[in-house]
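Everything below concerns the one structure shown next.
The values are calculated or read from the model by the stated rules, or taken from the named source; none is laboratory data. None of these values were measured; they are calculated from a predicted model. FYI the Cβ positions are ideal-geometry reconstructions off the backbone, even for glycines, and counts take in every protein chain you see. With ligands, DNA and RNA removed, areas are computed over all heavy atoms of the protein, side chains included. Shrake-Rupley method; radii C 1.70, N 1.55, O 1.52, S 1.80 Å.
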Amino acid sequence: MQRIRGVLLAVLAYSSAAAAAQTATPEVFAPGVISGPASEDSAAFSPDGNTLVFDRSTGQNQIVLVTHRVHGQWQPPQIAPFSGRWLDHDPAMSPDGTFVVFSSNRPDTPDGKALDAQLSNGKVSAGWGGRLWKVERHGDRWDEPVLLPATVNQGTRTYSPSIAADGSLYFQRPVPGGGQGAFKLYRSVYRDGAYQEAEPLKLGNSDSHELDPAVAPDQSFIVFDANYAGKDDPDRLYIAFRDGDGWSKPIDLGDEINRGSPWGSHLGADHRTLYFSSPRTTRVVYPRAVGQASQDLSRMQTWDNGNDNLWSVSLAPWLDAHASGG
């Protein structure tokens, strides 16, 4: 009987996930203002949803920007006061809005050089390293960034932070001895004012990589991208729910969301909206209708050109299905 019940629950979970995937349609976020002709990722919102920190890049040029929503309209982004000199990216804001953690190749000392990435094959990627830094936020004022301790920053490729309400930090870094590009997700518990030794999350296939965590403030679920479908296949977005001290089997977010190799998951201020990056473009049907060509050209020159832009989609179908036991 117990085995039958387990099978039925698995079938229900699969059916709920499939139904959720059919109802979720991503929308480009703030086209022409936030999502532009370059590439954007890591949408980190303040608790009131009116301040956004994210990064923009083209090639080797990458920088963290900040913008504010005034009277319902997002303003042109400006370079964040703590960014600009170094290769800064992957900002994440704490749920209470008091600090941001981001990845940077900035040196440990003011007179140092850009951090190199030490690859597992013995090669060095000059200037492309990354460690996690923390910067305190006081409204529109920012302190100087501080390097996080070695309990978090092991090696030279620590990226993609996500912050829980209790201060615990989720992020990605290579598995020791795991080969080039073998990234996994880790969690460093914040206890007694200090980050504890990071431990790997046990999610899906051990031989697949897992990237870009977006954890709920209460750590009840996590969204991330992974290549579970195959090492040569594009990454897909998954959601996993807390199950005791571990996590449930990751649930694929479906073909519509996973069109165009999505990555870089972050949660919105409501903690129920997912923001991610994707090079997906608007489908064009030929022959075009009269006047459609000029609209397509304008959109292409503004944002819709195959670079990574920010997209949003509600997680409500998955969260509600899980809450109802589906």
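Placing unit charges on the Cβ atoms of the charged side chains and taking the dipole of the chain about its Cα centre, the candidate lying farthest along the positive direction among PRO91, GLY32, ILE79 is GLY32. Largest GNM mean-square fluctuation among VAL223, VAL135, VAL70, using the chain with Cα springs under 10 Å: VAL70. Here segment 27-70 has 48 percent of its accessible surface on carbon and sulfur atoms, given a 1.4 Å probe and all protein chains in place. Distance from the C-alpha centroid of segment 304-326 to that of segment 188-252: 16 Å, rounded to the whole angstrom. Taking amide H as placed 1.01 Å from N in the peptide plane, the amide H of PHE29 sits under 5 Å from that of LEU310, TRP311, SER312, each at least 5 places away or on another chain.
The residues of the chain have, on average, 48 Å² of accessible surface per residue, using a 1.4 Å probe with all protein chains present. Computed over segment 32-179, the convex hull of the alpha-carbon atoms projects to a mean area of 9.5 nm².
Share of segment 105-157's accessible area from carbon and sulfur, percent, 1.4 Å?
Ligands and nucleic acids excluded, carbon and sulfur reach 53 percent.
Expressed in units of 2.2 N^0.38 Å, where N is the residue count, the Cα radius of gyration of segment 99-253 is 1.07. Where only DSSP H runs of four or more residues are counted, the chain gives -4000 deg cm²/dmol as its mean residue ellipticity at 222 nm, each run worth -39500 (n - 2.57).
May I ask you to derive the FRET efficiency for THR282 and GLN219 from their Cβ-Cβ distance with R0 = 51 Å, giving the value to the nearest 0.05? Calculated transfer efficiency: 0.90. To put it simply, the accessible area of segment 182-326 at a 1.4 Å probe is 49 percent carbon and sulfur.
The three principal axes of the C-alpha atoms in segment 192-309 carry coordinate ranges of 62, 33, 20 Å, sorted with the longest axis first.
Packing around the peptides 284-290, 316-322, taken as the average count of other Cβ atoms within 10 Å per residue, puts them in this order, highest first: 316-322, 284-290. The lysine pair count for the chain, using Cα distances under 20 Å and pairs eight or more places apart or on different chains, is 8. Note on the chain: along the principal axes its Cα atoms extend 63, 60, 42 Å, ordered by decreasing extent. In plain terms, the chain from GLN118 to ASP207 could stretch by 29.9 nm, reckoned as 0.36 nm per residue minus the Cα-Cα distance.
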